[in-house]
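Engineer: Take a look at this one; I'll ask things after.
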Amino acid sequence: MHVLMTGGTGSLGNALRARLVESGHSITCLSRRRTGSEGATEFVPDGSLREIVRCDAIINLAGESVVGLWSRSKRRRIYESRIGTTRRLAEWIEAAKDKPKVFLSGSAVGIYGDAGHRELTENADVSHANGFLARVCRDWEHAANPAAWRGTRTVLLRTGPVLDPKGGYLAKALPLMRRFPIVILGPRNSYFPWIALGDWVSLVIHAIEHPEINGALNLVGPNPVTQEEFVRAIAGKFGKPVWGSIPRWLLRLGAGEFGTTITFSQRALPAKALASGFSFSYPSLETFLTTI
């Protein structure tokens, strides 16, 4: 299978590319920074999309990091890097004579907004979800929909926080937790819809290989935990106490809207993944913590 990727040099993209190559697939990766070849991956300039003739699948993971203060320019980069790229890919699919069989396009559980204790399957109503990220995710998914209208199976990857001891959020947080007092960020009962990196990669590939999977797909583990349960589990791993919680107003004071958005409660469940027979290697937080 020949796969066209965007965002293939990020932490998620790197892990996914490695698994695809290991399985014998070839990849063309649109990149702003890299050119040339690396094994079965060819890196081409981001602006060369029109020169690509065909591919079997498209995996769209492009997007400016949401971490940091959301200034006006930061918000614009977060939005355009997602919606602009997705629109260009959907237009390419529309114009292609030999259309890809499947288009997997990024999204996030942020589309559900701050949803409290409600269980969120892929059928949950997201039209009135609150916050900047919810609006970005809605437009992100809408930008991908024309591909489905043109006959390409389209899967919207609603990704939760991806846990990897060697990369991403957790790689930065764990050394701090070892050295400093451990605290809970925001409300103790906010749900944290995590997924292990290995399961995220496997579920993306599962979505490629299972044609019955269409539309929104929650890429989260089957057992979401609250912020308090998550922090206490890691603290227990290190044999350390939890020193209380930081209220949302203080997080907002320090990091603006980003500081409060990261504590939104999203009790997302992988209903479609389970219904299609997907098996998680790390179904519980306890099983994941054995990797730390």
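Engineer: Under 9 Å between Cβ atoms, at least 6 apart or on separate chains: pull out the pairs that start in the stretch 251-262 with a residue that is over 12 Å from LEU185 (Cα atoms) and end on any residue that is charged (D, E, K, R).
Structural biologist: Here the result reads PHE258/LYS74; PHE258/ARG252, each pair linking the stretch 251-262 to a residue that is charged (D, E, K, R).
Engineer: Of all residues in the stretch 211-240, how many are acidic (Asp, Glu) and without any contact (Cβ under 8 Å) to a residue 60 or more places away in the chain?
Structural biologist: 2
Engineer: Which one is surrounded by the fewest Cβ atoms within 10 Å (Cβ to Cβ), of the residues in the stretch 90-120 that are in a helix (DSSP H, G or I) and among the aliphatic types (A, V, I, L, M)?
Structural biologist: Per the stated criteria, the residue is ALA95.
Engineer: Which one of the conditions (1) surrounded by fewer than 17 Cβ atoms within 10 Å (Cβ to Cβ); (2) more than 30 Å from GLU257 (Cα to Cα); (3) touching a helix residue (DSSP H, G or I) at 6+ places or on another chain (Cβ under 9 Å) does GLU22 fail to meet, given that it meets all the rest?
Structural biologist: The failed condition is (3).
Engineer: Taking ASP98 and the conditions (1) at pLDDT 95 or above; (2) farther than 15 Å from GLY63 by Cα, which numbered condition does it fall short on, given that it satisfies the others?
Structural biologist: Of everything listed in (1) at pLDDT 95 or above; (2) farther than 15 Å from GLY63 by Cα, ASP98 misses just condition (1).
Engineer: Take the conditions in contact (Cβ under 8 Å) with a residue 60 or more places away in the chain, out of contact with any strand residue (DSSP E or B) (no Cβ under 8 Å at 6 or more places or on another chain) and among the hydroxyl-bearing types (Ser, Thr, Tyr) and apply them to SER81. Does it pass?
Structural biologist: For SER81, the condition - in contact (Cβ under 8 Å) with a residue 60 or more places away in the chain, out of contact with any strand residue (DSSP E or B) (no Cβ under 8 Å at 6 or more places or on another chain) and among the hydroxyl-bearing types (Ser, Thr, Tyr) - is not met.
Engineer: Please go through the stretch 136-194 and pick out each residue that is closer than 30 Å to LYS99 by Cα, out of contact with any helix residue (DSSP H, G or I) (no Cβ under 8 Å at 6 or more places or on another chain) and assigned to a loop (DSSP other than H, G, I, E, B).
Structural biologist: GLY151
Engineer: Pick from the stretch 210-227 the residues that are over 18 Å from the mean Cα position of the chain (by Cα) and either β-branched (Val, Ile, Thr) or modelled with pLDDT of 95 or more (or both): which of them is nearest to PHE288 (Cα to Cα)?
Structural biologist: THR226
Engineer: If only one of VAL53, VAL66 is in contact with a helix residue (DSSP H, G or I) (Cβ under 8 Å, 6 or more places away or on another chain), surrounded by fewer than 20 Cβ atoms within 10 Å (Cβ to Cβ) and not in a helix (DSSP H, G or I), which one is it?
Structural biologist: After ruling out the rest, the residue left standing is VAL66.
Engineer: Can you confirm whether VAL155 is hydrophobic (A, V, I, L, M, F, W, C) and within 30 Å of ASP56 (Cα to Cα)?
Structural biologist: yes
The values are calculated or read from the model by the stated rules, or taken from the named source; none is laboratory data. From a predicted model like this one, the values you see are computed outputs, not experimental measurements. Because the Cβ atoms are built from the backbone with ideal geometry, glycine has one as well, and the counts that use them run over all protein chains shown.
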